[in-house]
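S.K.: Shown below is the structure under consideration.
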Amino acid sequence: MVVQNPGTPRELERYLRPENMAGVGFDQVCGAAGAVRTGAQFNAAPQILGVSLNPQIVQPGDVFLGISGAKRHGAEFVDTAISNGARAIITDTAGLDFLPEELSIPVAVVADVRKAAAQVAQAVYGTDQRSPQLFAVTGTNGKTTTTFMIRAILEALGEETGLIGTIEMSARGQIIPSVLTTPESTQLHGVLARMAQQDVSSVAMEVSSHSLSYGRVDALNFAVAGYTNLTQDHLDLHGTMEDYFQTKAQLFTPEHSASAVVMVDDPYGARLAEHAQIPTQSLSLDENNELADWRVTDLAHSGLGHSFTLRNRDGRLLRTRTALPGMFNVANAALATVMVLASGAELDALQKALDAKDPLSVAVPGRMQVVAESPVAVVDFAHNSDALAKALDSIRPGANGRRIVVFGATGERDKTKRPDMGAVAARHADIVIVTDDDPHGEAPEPIREQLAAGAQGAIDTERAETQLFNIAPRAKAVEFAVSLAQANDAILVAGRGHEVSQDVAGIDVELDDRVELANALKLHGFVTNS
Ligand SMILES: CC(=O)N[C@H]1[C@@H](OP(=O)(O)OP(=O)(O)OC[C@H]2O[C@@H](n3ccc(=O)[nH]c3=O)[C@H](O)[C@@H]2O)O[C@H](CO)[C@@H](O)[C@@H]1O[C@H](C)C(=O)N[C@@H](C)C(=O)N[C@H](CCC(=O)O)C(=O)O
Ligand SMILES: Nc1ncnc2c1ncn2[C@@H]1O[C@H](COP(=O)(O)OP(=O)(O)OP(=O)(O)O)[C@@H](O)[C@H]1O
């Protein structure tokens with residue numbers, strides 16, 4: 001079954017199951033997860049065909065995992081799970097209180113259902129027996145881009161590949177829409193078993209800090225884990241940068257990964273490499289960093305892209321290029337290349353694949369996507385300070401041209417980053433237009449005001465020449481940016497990248513920055529690339 005556009009989460013969930021499941025006895029599943037059967041009346045041990053922790057999308061034959069969430073307990077929804085075909089439930093002691101006295105399916109109890117979920121899924125889907133080789137990429141920025149590059153290199157080497165990440169999942173080129181950056185463990189083991197059935201040999205996967213916090217990647221063994229960088233984001237979940245770092249660091253332990261490649265150009269990367277618990281190769285963009293195992297040297301810029309040499313301390317070298325703009329994409333390209341090498345690829349074969357197929361120039365939807373050349377008009381996914389600064393530095397206006405930026409901030413997510421995003425925009429752009437991103441359930445005006453206050457602070461103290469505007473809705477802000485632009489300017493529309501809708505108070509409104517920007521450019525008489 002090829003799912004190009006699953007219409008609902010239920011259809012997607014159905015796809016994430018391997019085909020022709022023989023089933024595993026519930027007692028065997030409980031044994032694997034350390035779950036203890038409870039209730040004398042529950043003697044049956046049904047065959048389990050799948051796993052879900054979302055009662056709404058339980059599939060017939062599933063074991064339903066009733067987790068204790070931040071807002072609700074999943075066991076509250078056991079009736080929904082049963083009506084969708086759940087054959088058994090595993091929950092915690094708190095969950096038992098929500099179960100009706102007369103229950104038609106067997107129950108087992110574990111101390112922590114989230115932790116047990118990966119073991120349950122592994123037992124049901126047999127991923128301990130058969131799974132593709134896994135590449136994990138973590139870090140604040142660059143995960144999606146690096147995984148796209150790893151997939152492209154592996155394909156250039158002739159492998160059948162899979163991808164799991166923010167934009168999409170894919171198996172042998174078939175696109176499977178993605179809901180989370182890193183899916184729930186219950187879904188991950190299912191999709192990996194499915195990929196193994198399709199003879200996918202290697203999978204490049206994004207590992208978010210949320211997924212490490214919630215144990216979504218437990219019971220997976222990564223051949224190579226890659227670290228991009230760590231800068232401020234997600235403090236709503238982590239509270240402090242130290243907690244954020246320690247969460248990411250879990251990936252670089254024998255429990256999760258066999259080997260690692262770490263960019264050591266930020267202090268957290270340096271710490272990670274220094275205290276490595278698994279074989280780790282360090283990588284730096286600084287050609288003078290003699291402590292790094294791999295360095296980027298002989299950097300040359302051509303057009304928007306770059307060519308460079310990856311040089312190891314032991315004398316090995318690879319010459320390659322990426323057409324993607326921004327020095328950060330050199331970092332992503334270098335990381336992807338060294339990760340593939342660390343997985344055992346031969347240097348000569350890799351060099352030939354890089355030369356023949358140019359895999360590091362792979363287009364990544366909504367990442368530094370160039371919509372027009374004059375003015376330079378770019379849509380990018382930058383949604384934190386570091387990415388915004390780097391994306392703005394990467395767009396080059398012509399002589400005497402200005403940088404114009406349009407951006408917002410997501411509602412109900414890390415609010416602490418907003419003032420700094422505003423300040424960064426004011427420092428790196430000449431015209432700053434704050435607008436809406438995904439407000440979710442938050443009122444959009446205060447979000448814009450917090451961004452604008454940050455920008456105003458930097459204007460008052462550092463850069464009086466920057467002009468600031470606060471404009472909503474987003475389409476109007478984009479059109480306003482273009483109305484101000486001259487042919488030698490550069491416009492960056494940041495924050496939403498590949499996304500095609502905006503979540504306003506729980507309602508998805510159609511909105512694609514690439515379409516809005518192209519339409520506005522045409523309206524004002526500019527030529528676009530589409
Ligand atoms: C903040 C966060 O990550 N929340 C996750 C967390 O939610 P929670 O603890 O609040 O769960 P809850 O809403 O109390 O629900 C508990 C249980 O009751 C069930 N329930 C709940 C309510 C209801 O009406 N009906 C119902 O059945 C739920 O299905 C669940 O089984 O546990 C849920 C179940 O495991 C996750 O689905 C949920 O992820 C939500 C969807 C989410 O948006 N997560 C994002 C932030 C995330 O994980 N993002 C990262 C990338 C971040 C980045 O880099 O930008 C990712 O990997 O995608
Ligand atoms: N190595 C990097 N360092 C800093 N910024 C980067 C890097 N790579 C990409 N970026 C910036 O971050 C944005 C997001 O890139 P990408 O989607 O590859 O990262 P991500 O880690 O997957 O992000 P997210 O977790 O939010 O989906 C890009 O649009 C770009 O502006």
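S.K.: Give me a comma-separated list of calculated 3J(HN,Hα) values for region 259-272, in order, Karplus coefficients 6.51, -1.76, 1.60 applied at θ = phi - 60°, integers in Hz, x for any Gly or Pro.
M.R.: Per-residue couplings from phi come out as 7, 8, 10, 10, 6, 9, 7, 10, x, 5, x, 4, 5, 4 Hz.
S.K.: Could you order peptides 61-74, 415-428 by the average number of other Cβ atoms within 10 Å of their residues, highest first?
M.R.: Sorting 61-74, 415-428 by mean packing, highest first, produces 415-428, 61-74.
S.K.: I've got another one for you. Relative contact order for region 9-125 using alpha-carbon pairs under 8 Å, separation at least 6, rounded to a whole percent?
M.R.: Relative contact order for region 9-125 comes out at 29 percent.
S.K.: Only sites in a loop by DSSP and with at most 15 other Cβ atoms within 10 Å count here; which trypsin sites (Lys or Arg not before Pro) in region 281-354 make the cut?
M.R.: When the trypsin sites (Lys or Arg not before Pro) of region 281-354 are filtered for loop state and at most 15 Cβ neighbours within 10 Å, R313, R316 remain.
S.K.: Can you tell me the 0 to 90 degree angle between the C-alpha axis of helix 385-394 and the longest principal axis of the chain, rounded to 10?
M.R.: 40
S.K.: Too long at a 27 Å Cα-Cα cut-off: which of K115/K248; K248/K390; K71/K476; K71/K415?
M.R.: K71/K476
S.K.: Something else: Based on the mean of other Cβ atoms within 10 Å per residue, sort peptides 501-508, 22-29 so the most packed one is first.
M.R.: 22-29, 501-508
S.K.: Still on this model: In whole percent, and with a 1.4 Å probe on the protein chains, what portion of the accessible area of the chain is carbon and sulfur?
M.R.: Answer for the chain: carbon and sulfur cover 50 percent of the accessible area.
S.K.: Apply the a/c threshold of 1.5 to the C-alpha gyration tensor of region 9-125 and tell me whether it is rounded, prolate or oblate.
M.R.: The shape class here is rounded.
S.K.: Loop-only check: which GluC sites (Glu not before Pro) in region 64-103 are DSSP coil with at most 12 other Cβ within 10 angstrom?
M.R.: Of the GluC sites (Glu not before Pro), the ones in loops of region 64-103 whose Cβ has at most 12 other Cβ atoms within 10 Å are E101, E102.
S.K.: Next question. In whole percent, what relative contact order does the chain give with Cα contacts below 8 Å and a gap of six or more residues?
M.R.: 10
S.K.: So, for region 319-359, what is the accessible surface per residue at a probe of 1.4 Å, expressed in square angstrom? All intermediate terms of the calculation are to be shown ahead of the outcome.
M.R.: On the way: 1520 Å² over 41 residues.
I get 37 Å² per residue for region 319-359.
S.K.: Over region 210-256, average the accessible area per residue using a 1.4 Å probe and give it in Å², no decimals. Write down the numbers at each step before the final one.
M.R.: Numbers: 1630 Å² over 47 residues.
I get 35 Å² per residue for region 210-256.
S.K.: Hey, another quick one. For the chain, what is the charge dipole size about the Cα centre, in debye to the nearest 20, if Lys and Arg each add +1 at the Cβ and Asp and Glu each add -1 at the Cβ?
M.R.: Charge dipole of the chain: 760 debye, to the nearest 20.
S.K.: Please compute the per residue accessible area over region 9-125 with all protein chains in place, 1.4 Å probe, rounded to a whole number of Å².
M.R.: Heavy-atom accessible area per residue stands at 44 Å².
S.K.: For the pair D348 and K415, what calculated FRET efficiency results from E = 1/(1 + (r/R0)^6), where r is the Cβ-Cβ distance and R0 = 51 Å, to the nearest 0.05?
M.R.: 0.50
S.K.: Which order do peptides 130-138, 109-117, 175-183 fall in by mean Cβ count within 10 Å, highest first?
M.R.: 130-138, 109-117, 175-183
The values are calculated or read from the model by the stated rules, or taken from the named source; none is laboratory data. For clarity, every value in this text was computed on a predicted model and none was experimentally measured. Every residue, glycine as well, gets a Cβ built from its backbone with ideal geometry; the counts of neighbours run over all protein chains shown. Each accessible area value is taken on the protein alone, full model and side chains, heavy atoms only, with ligands, DNA and RNA left out. Shrake-Rupley method; radii C 1.70, N 1.55, O 1.52, S 1.80 Å.
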